[in-house]
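One structure below.
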Amino acid sequence: MKLVRFRSPDGEGPLSGELRGETVIAAGAEYRLDRVVLLPPCVPSKIVCVGRNYAAHAEELGNEVPEEPLFFFKPPSAVIGPEEEIVLPDSPQVDYEAELAVVIGKRCRNVPEGRALDVVLGYTCLNDVTDRAAQRWERNWVRAKGFDTSAPLGPTIRTRDEGDGPFHVSLRLNGVLRQDGSTGSLIYPIPKLIATISSIMTLEPGDVIATGTPAGVGRLAPGDTVEVTIDGIGTLRNRVRSTKRSREERR
(Lines give C-alpha, C1' and ligand atoms only; values in the text may rest on other atoms or scores of the structure.)
Protein backbone atom coordinates (compact mmCIF):
# COMPACT_ATOMS: atom_id res chain seq x y z
CA MET A 1 0.00 0.00 0.00
CA LYS A 2 0.93 3.67 -0.27
CA LEU A 3 0.79 5.71 2.92
CA VAL A 4 0.47 9.50 2.98
CA ARG A 5 0.25 12.40 5.42
CA PHE A 6 -1.89 15.30 4.29
CA ARG A 7 -4.14 18.23 5.05
CA SER A 8 -7.77 17.95 4.03
CA PRO A 9 -9.46 20.46 1.69
CA ASP A 10 -10.74 22.40 4.73
CA GLY A 11 -7.25 22.54 6.26
CA GLU A 12 -7.68 19.78 8.82
CA GLY A 13 -4.54 17.85 9.64
CA PRO A 14 -1.97 16.54 9.59
CA LEU A 15 -3.96 13.40 8.77
CA SER A 16 -2.63 9.97 7.87
CA GLY A 17 -4.17 7.78 5.23
CA GLU A 18 -3.77 5.41 2.32
CA LEU A 19 -3.54 6.46 -1.31
CA ARG A 20 -5.61 4.29 -3.65
CA GLY A 21 -5.37 5.53 -7.19
CA GLU A 22 -6.49 9.16 -7.09
CA THR A 23 -8.28 8.82 -3.74
CA VAL A 24 -6.93 9.27 -0.22
CA ILE A 25 -8.71 7.21 2.45
CA ALA A 26 -8.38 8.19 6.11
CA ALA A 27 -10.53 7.22 9.12
CA GLY A 28 -13.38 6.13 6.86
CA ALA A 29 -13.43 9.36 4.85
CA GLU A 30 -12.40 9.71 1.22
CA TYR A 31 -10.67 12.70 -0.35
CA ARG A 32 -9.71 13.44 -3.93
CA LEU A 33 -5.95 13.52 -4.26
CA ASP A 34 -6.04 16.79 -6.18
CA ARG A 35 -7.95 18.45 -3.33
CA VAL A 36 -5.56 17.64 -0.47
CA VAL A 37 -2.12 19.00 0.41
CA LEU A 38 0.43 16.23 0.70
CA LEU A 39 2.90 16.58 3.58
CA PRO A 40 6.18 14.75 4.19
CA PRO A 41 5.00 11.14 4.64
CA CYS A 42 6.80 10.70 7.98
CA VAL A 43 8.26 12.84 10.76
CA PRO A 44 11.79 11.58 11.36
CA SER A 45 13.74 12.20 14.54
CA LYS A 46 16.83 11.92 12.35
CA ILE A 47 17.81 11.42 8.73
CA VAL A 48 20.89 9.25 8.29
CA CYS A 49 22.37 9.64 4.81
CA VAL A 50 24.90 7.49 3.00
CA GLY A 51 27.61 9.05 0.86
CA ARG A 52 29.27 7.54 -2.21
CA ASN A 53 27.09 4.45 -2.27
CA TYR A 54 27.06 4.25 -6.07
CA ALA A 55 30.48 3.75 -7.69
CA ALA A 56 29.61 5.93 -10.70
CA HIS A 57 28.63 8.84 -8.44
CA ALA A 58 31.87 8.58 -6.45
CA GLU A 59 33.76 8.59 -9.74
CA GLU A 60 31.99 11.67 -11.12
CA LEU A 61 32.99 13.62 -7.99
CA GLY A 62 36.55 12.31 -8.09
CA ASN A 63 36.16 10.43 -4.80
CA GLU A 64 37.23 6.96 -3.79
CA VAL A 65 34.65 4.37 -2.79
CA PRO A 66 34.72 4.15 1.04
CA GLU A 67 35.82 0.89 2.64
CA GLU A 68 32.86 1.15 5.03
CA PRO A 69 29.56 3.01 4.59
CA LEU A 70 30.04 6.76 4.90
CA PHE A 71 27.30 8.32 7.05
CA PHE A 72 26.19 11.88 7.71
CA PHE A 73 23.07 13.54 9.11
CA LYS A 74 20.38 15.87 7.92
CA PRO A 75 18.32 17.49 10.70
CA PRO A 76 14.53 17.11 10.84
CA SER A 77 14.28 20.86 10.16
CA ALA A 78 15.62 20.22 6.64
CA VAL A 79 12.51 18.24 5.64
CA ILE A 80 9.92 19.65 3.25
CA GLY A 81 7.11 17.91 1.42
CA PRO A 82 5.93 17.58 -2.17
CA GLU A 83 5.39 20.86 -4.04
CA GLU A 84 7.14 22.91 -1.34
CA GLU A 85 9.94 25.21 -2.40
CA ILE A 86 13.64 24.46 -2.09
CA VAL A 87 15.30 27.68 -0.91
CA LEU A 88 18.87 27.85 -2.16
CA PRO A 89 21.52 29.05 0.29
CA ASP A 90 23.85 31.85 -0.74
CA SER A 91 26.28 29.59 -2.58
CA PRO A 92 27.81 29.39 -6.08
CA GLN A 93 26.80 25.73 -6.45
CA VAL A 94 23.87 23.79 -4.98
CA ASP A 95 23.18 20.34 -6.43
CA TYR A 96 20.25 17.91 -6.58
CA GLU A 97 20.71 14.26 -5.57
CA ALA A 98 17.87 11.77 -6.10
CA GLU A 99 17.74 8.99 -3.52
CA LEU A 100 15.66 6.08 -2.28
CA ALA A 101 14.84 6.64 1.39
CA VAL A 102 14.13 3.80 3.82
CA VAL A 103 11.52 4.59 6.49
CA ILE A 104 11.97 2.74 9.78
CA GLY A 105 8.85 1.19 11.30
CA LYS A 106 10.09 -0.19 14.63
CA ARG A 107 12.34 1.07 17.40
CA CYS A 108 15.50 -0.98 17.04
CA ARG A 109 19.13 -1.37 18.04
CA ASN A 110 21.81 -3.86 16.93
CA VAL A 111 19.67 -5.40 14.19
CA PRO A 112 21.30 -8.42 12.49
CA GLU A 113 21.77 -7.91 8.76
CA GLY A 114 19.74 -11.03 8.01
CA ARG A 115 16.69 -9.57 9.79
CA ALA A 116 17.24 -5.91 8.97
CA LEU A 117 14.30 -5.55 6.61
CA ASP A 118 11.94 -6.61 9.41
CA VAL A 119 12.26 -3.13 10.95
CA VAL A 120 11.38 -1.31 7.72
CA LEU A 121 7.96 0.29 7.27
CA GLY A 122 8.54 1.13 3.63
CA TYR A 123 10.27 3.35 1.10
CA THR A 124 9.97 6.90 -0.20
CA CYS A 125 11.80 9.49 -2.33
CA LEU A 126 14.34 11.97 -1.00
CA ASN A 127 16.27 14.75 -2.70
CA ASP A 128 19.56 15.26 -0.88
CA VAL A 129 19.99 18.90 -1.86
CA THR A 130 23.64 19.78 -1.31
CA ASP A 131 25.67 22.97 -1.07
CA ARG A 132 28.56 21.56 -3.08
CA ALA A 133 30.75 24.60 -2.55
CA ALA A 134 30.53 24.22 1.24
CA GLN A 135 31.03 20.47 0.99
CA ARG A 136 34.43 20.98 -0.63
CA TRP A 137 35.90 22.67 2.43
CA GLU A 138 33.70 21.61 5.34
CA ARG A 139 34.58 18.24 6.85
CA ASN A 140 31.39 17.59 8.81
CA TRP A 141 29.04 18.81 6.00
CA VAL A 142 26.68 20.68 8.36
CA ARG A 143 26.45 23.69 6.03
CA ALA A 144 26.54 21.52 2.94
CA LYS A 145 23.76 19.12 3.89
CA GLY A 146 21.80 20.55 6.81
CA PHE A 147 20.25 23.81 5.66
CA ASP A 148 16.48 24.33 5.75
CA THR A 149 14.60 22.77 2.78
CA SER A 150 17.57 20.53 1.88
CA ALA A 151 15.58 17.30 2.38
CA PRO A 152 12.45 17.15 0.20
CA LEU A 153 10.66 13.91 1.13
CA GLY A 154 7.67 12.05 -0.32
CA PRO A 155 5.14 11.83 -1.82
CA THR A 156 4.16 8.42 -0.39
CA ILE A 157 5.60 5.57 1.63
CA ARG A 158 5.43 2.35 -0.35
CA THR A 159 5.08 -0.37 2.27
CA ARG A 160 7.05 -3.59 2.21
CA ASP A 161 4.10 -5.72 1.12
CA GLU A 162 4.70 -4.30 -2.37
CA GLY A 163 8.31 -5.51 -2.41
CA ASP A 164 11.78 -4.47 -1.35
CA GLY A 165 13.21 -3.56 -4.74
CA PRO A 166 15.48 -3.12 -6.52
CA PHE A 167 14.03 0.32 -7.26
CA HIS A 168 14.45 2.45 -10.37
CA VAL A 169 15.50 5.96 -9.28
CA SER A 170 15.36 8.88 -11.71
CA LEU A 171 15.46 12.67 -11.61
CA ARG A 172 14.27 15.24 -14.11
CA LEU A 173 15.30 18.89 -14.04
CA ASN A 174 12.85 21.11 -15.89
CA GLY A 175 11.55 18.00 -17.65
CA VAL A 176 14.98 16.76 -18.80
CA LEU A 177 16.23 13.41 -17.50
CA ARG A 178 19.41 13.96 -15.45
CA GLN A 179 19.71 10.89 -13.20
CA ASP A 180 18.71 7.34 -14.05
CA GLY A 181 19.82 4.49 -11.79
CA SER A 182 18.81 1.45 -9.79
CA THR A 183 19.26 0.50 -6.17
CA GLY A 184 20.53 -2.79 -7.55
CA SER A 185 23.80 -0.88 -8.01
CA LEU A 186 24.19 0.12 -4.36
CA ILE A 187 27.66 -0.67 -3.06
CA TYR A 188 26.27 -1.26 0.42
CA PRO A 189 22.75 -2.73 0.24
CA ILE A 190 19.91 -1.70 2.51
CA PRO A 191 20.23 -4.57 5.05
CA LYS A 192 23.93 -3.75 5.50
CA LEU A 193 23.10 -0.07 6.06
CA ILE A 194 20.42 -0.80 8.66
CA ALA A 195 22.63 -3.27 10.52
CA THR A 196 25.57 -0.88 10.58
CA ILE A 197 23.59 2.21 11.60
CA SER A 198 21.66 0.34 14.30
CA SER A 199 24.96 -0.88 15.75
CA ILE A 200 25.83 2.79 16.33
CA MET A 201 22.52 4.31 17.41
CA THR A 202 18.90 3.50 18.17
CA LEU A 203 16.56 3.94 15.23
CA GLU A 204 13.05 5.20 15.94
CA PRO A 205 9.81 4.75 13.98
CA GLY A 206 9.71 7.35 11.23
CA ASP A 207 13.48 7.71 11.01
CA VAL A 208 14.85 7.88 7.48
CA ILE A 209 17.91 6.32 5.89
CA ALA A 210 18.83 7.95 2.57
CA THR A 211 20.66 5.27 0.61
CA GLY A 212 22.82 7.36 -1.73
CA THR A 213 22.49 8.91 -5.17
CA PRO A 214 23.33 7.54 -8.63
CA ALA A 215 25.50 9.41 -11.13
CA GLY A 216 24.27 12.54 -12.87
CA VAL A 217 24.10 15.09 -10.05
CA GLY A 218 24.05 18.72 -11.14
CA ARG A 219 23.27 22.30 -10.25
CA LEU A 220 20.00 23.85 -9.23
CA ALA A 221 19.02 27.41 -10.09
CA PRO A 222 16.16 29.68 -9.04
CA GLY A 223 13.06 28.91 -11.08
CA ASP A 224 13.96 25.25 -11.66
CA THR A 225 11.50 22.42 -11.15
CA VAL A 226 13.12 19.21 -9.91
CA GLU A 227 11.35 15.84 -9.88
CA VAL A 228 12.52 12.63 -8.20
CA THR A 229 10.63 9.56 -9.39
CA ILE A 230 10.80 6.04 -7.98
CA ASP A 231 8.60 3.31 -9.42
CA GLY A 232 5.77 2.37 -7.09
CA ILE A 233 6.30 5.42 -4.87
CA GLY A 234 5.53 8.33 -7.16
CA THR A 235 7.12 11.64 -8.10
CA LEU A 236 8.49 14.13 -5.58
CA ARG A 237 8.25 17.54 -7.24
CA ASN A 238 9.68 20.80 -5.90
CA ARG A 239 10.35 24.23 -7.32
CA VAL A 240 13.53 26.13 -6.52
CA ARG A 241 14.01 29.72 -5.43
CA SER A 242 16.83 31.81 -4.07
CA THR A 243 17.39 32.76 -0.47
CA LYS A 244 17.19 36.44 -1.48
CA ARG A 245 13.38 36.29 -1.56
CA SER A 246 13.32 34.78 1.94
CA ARG A 247 15.36 37.67 3.28
CA GLU A 248 13.12 40.23 1.59
CA GLU A 249 9.99 38.56 3.04
CA ARG A 250 11.38 38.93 6.59
CA ARG A 251 11.84 42.69 6.25
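The values are calculated or read from the model by the stated rules, or taken from the named source; none is laboratory data. The model shown is predicted, which means the values in this text are computed figures rather than measured ones. All Cβ positions, even for glycine, are placed from backbone atoms using ideal geometry, and neighbour counts span all protein chains on display.
Some values worked out for this structure:
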| item | result |
| --- | --- |
| Residue in region 125-147 that is β-branched (Val, Ile, Thr), touching a residue at least 40 places away in the same chain (Cβ under 8 Å) and either in contact with a Gly (Cβ under 7 Å, 6 or more places away or on another chain) or surrounded by fewer than 23 Cβ atoms within 10 Å (Cβ to Cβ) (or both) present | no |
| Number of positions in region 33-73 that are at pLDDT 95 or above, in contact with a Leu (Cβ under 9 Å, 6 or more places away or on another chain) and among the charged types (D, E, K, R) | 1 |
| Condition check for VAL102: in contact with a helix residue (DSSP H, G or I) (Cβ under 9 Å, 6 or more places away or on another chain), within 21 Å of SER199 (Cα to Cα), in contact (Cβ under 8 Å) with a residue 60 or more places away in the chain and buried (at least 19 other Cβ atoms within 10 Å of the Cβ) | yes |
| Filtered residues of region 63-99 (kept if surrounded by fewer than 17 Cβ atoms within 10 Å (Cβ to Cβ) and in contact with a Ser or Thr (Cβ under 6 Å, 6 or more places away or on another chain)) | ASP90 |
| Extreme residue, nearest to ASP128 (Cα to Cα), among residues of region 21-68 that are of a type in the set (Lys, Arg) and more than 22 Å from the chain's Cα centre (by Cα) | ARG35 |
| Counted residues, region 105-124 - those being within 25 Å of GLY234 (Cβ to Cβ) and buried (at least 16 other Cβ atoms within 10 Å of the Cβ) | 8 |
| Answer from THR213, THR183, THR196, THR225 - the residue that is surrounded by fewer than 16 Cβ atoms within 10 Å (Cβ to Cβ) and of a type in the set (S, T, N, Q) | THR225 |
| Qualifying positions in region 121-171 - part of a loop (DSSP other than H, G, I, E, B), acidic (Asp, Glu) and modelled with pLDDT of 95 or more | ASP128, ASP148, ASP164 |
